[in-house]
Structures are given as structure tokens and as C-alpha cells.
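The values are calculated or read from the model by the stated rules, or taken from the named source; none is laboratory data. Given the structure is predicted, the values throughout are model-derived calculations rather than measurements. A quick note on method: Cβ atoms are made from the backbone with ideal geometry, for glycine too, and the neighbour counts reach across all protein chains shown. These accessible areas exclude ligands, DNA and RNA; they are computed on the full protein's heavy atoms, side chains included. Shrake-Rupley method; radii C 1.70, N 1.55, O 1.52, S 1.80 Å.
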Amino acid sequence: MQDISDSLILARSARSLVFLALAILVVVTATMVGSSVTTPVISTWYAGLNKPWFNPPNIAFPIVWPVLFALMAFGFWRILRVIGGGMPRNHAIVAFFVQILFNMAWSFAFFGAKSPLAGLFVAVGLVVSVAAMIVTFRRVDRLAAYLQLPYLAWVTFAMVLNATIWWIN
């Protein structure tokens, strides 16, 4: 016969799995949306742009982004599973969705619209929103926040790269 503590553990485990699935679903959806406008123009429009000396080879992007998206999903899951996080947890969830929208919007601005200038404006918003997400995550779960630091570093680098591509083209 199960006692009440076993039931609570099972309920928490099921809840945690649902939140893990939700975090993965949100991140995978964002990945697919962004890729849908990026992939078709990599070998055409993007290939024709002048790029700075520090532009990574195209092979770097499909290596780096899955790692960053995995860290993002894991951190978001850690936030979602917090019980009784109140307003700090709610702010962290909102901040996550704001940055993921900027993430997708950048693909549409830069690749979809074929506009490095539009991409640059969105990239600035993305950097700010990722930094804000880290701040709000830290109030709820420090590890979730620290897991986002490579993402912040990458999007900051991407913003500089975007600005340089705009400037030289």
C-alpha cells in the first residue's frame, strides 16, 4: 500500500516530466521556426555576403546551436519545476518567452527579410532579453541562470558578427 509521501513523489515526478517535455517542445519549436527561414538562404543569399575574418565556418552553427538550445531547455525546465516560486518564477518564465521570441525574430529579420540591418536591431533586443532572462532565472535557480551564460556569450558574438556583416555589405 502506498503512503502519502510515495504519492507526492510520483506526482512531483510526473509534473517534472511534463515540464521537461514542455521545455523541450518550446525550444524545438523555436529551432524549427528559425531554421525554416534560415536554411533555404544559407547557400544562396548568405553565401554571397561579404563576411569578416572572424566569421565562423558554416559547420560551427549546427554544432553550437543544439548545445545552446539544450542548455536553454534544461534551464527553463529547472525554472518550470520550481514549486511555489511566486512572482520571481513567473517573471523568469515571461523572460524566457520574450528571449525565445527575439531568437526566432532574428532569423526572420536577418535571413527571412535578407536584412542585416533589421537583424542587427533584433540582435540587440536578443542580447538584452537573454541578459534579462539570466537575471530573472538567477532569482529562482542559480544553475538555470548559469547555464544560459554560453548562450549570452554566443548571441553577443552573433550581434557583433551581424553588425560587421551589415557594415561591410
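At a glance:
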| read-out | value |
| --- | --- |
| Cα centroid separation - region 13-68 against region 92-168, whole Å | 12 Å |
| Residue-count net charge about Leu20 - beta-carbon cut-off 13 Å; Lys, Arg +1, Asp, Glu -1 | +4 |
| Debye log10 I(q)/I(0) for region 123-169, one point scatterer per Cα, at q = 0.25 Å⁻¹ | -0.81 |
| Protein accessible area in region 53-134, 1.4 Å probe - carbon and sulfur % | 80 percent |
| Highest-MSF residue in the chain out of Ile63, Ile24, Ile100 [GNM, Cα springs under 10 Å] | Ile63 |
| Relative contact order (%) - the chain, alpha-carbon pairs under 8 angstrom, separation at least six | 29 percent |
| Among Trp77, Trp106, Trp65: highest mean-square fluctuation, GNM of the chain, C-alpha pairs under 10 Å | Trp65 |
| Candidates Val64, Val155, Val33: whichever shows maximal mean-square fluctuation once the chain is modelled as a Gaussian network with Cα springs under 10 Å | Val64 |
| Helix axis angle, 61-80 relative to the chain longest principal axis, alpha carbon, degrees | 30 degrees |
| Where Arg15, Arg138, Arg89 fall by accessible area, highest first, once all protein chains stay in place (1.4 Å) | Arg138, Arg15, Arg89 |
| Crossing angle, helix 116-138 versus the chain [Cα axis fit, 0-90 degrees, rounded to tens] | 20 degrees |
| Using alpha-carbon coordinates, inclination of helix 4-42 to the longest axis of the chain, degrees | 10 degrees |
| Mean accessible surface per residue for the chain, computed with a 1.4 Å probe while every protein chain stays in place, in Å² | 54 Å² |
| Entry for semi-axes √(5λ) of the Cα gyration tensor in Å (calculated from the structure that is shown) out of (i) 21, 20, 15; (ii) 36, 16, 12; (iii) 30, 17, 14 | (ii) |
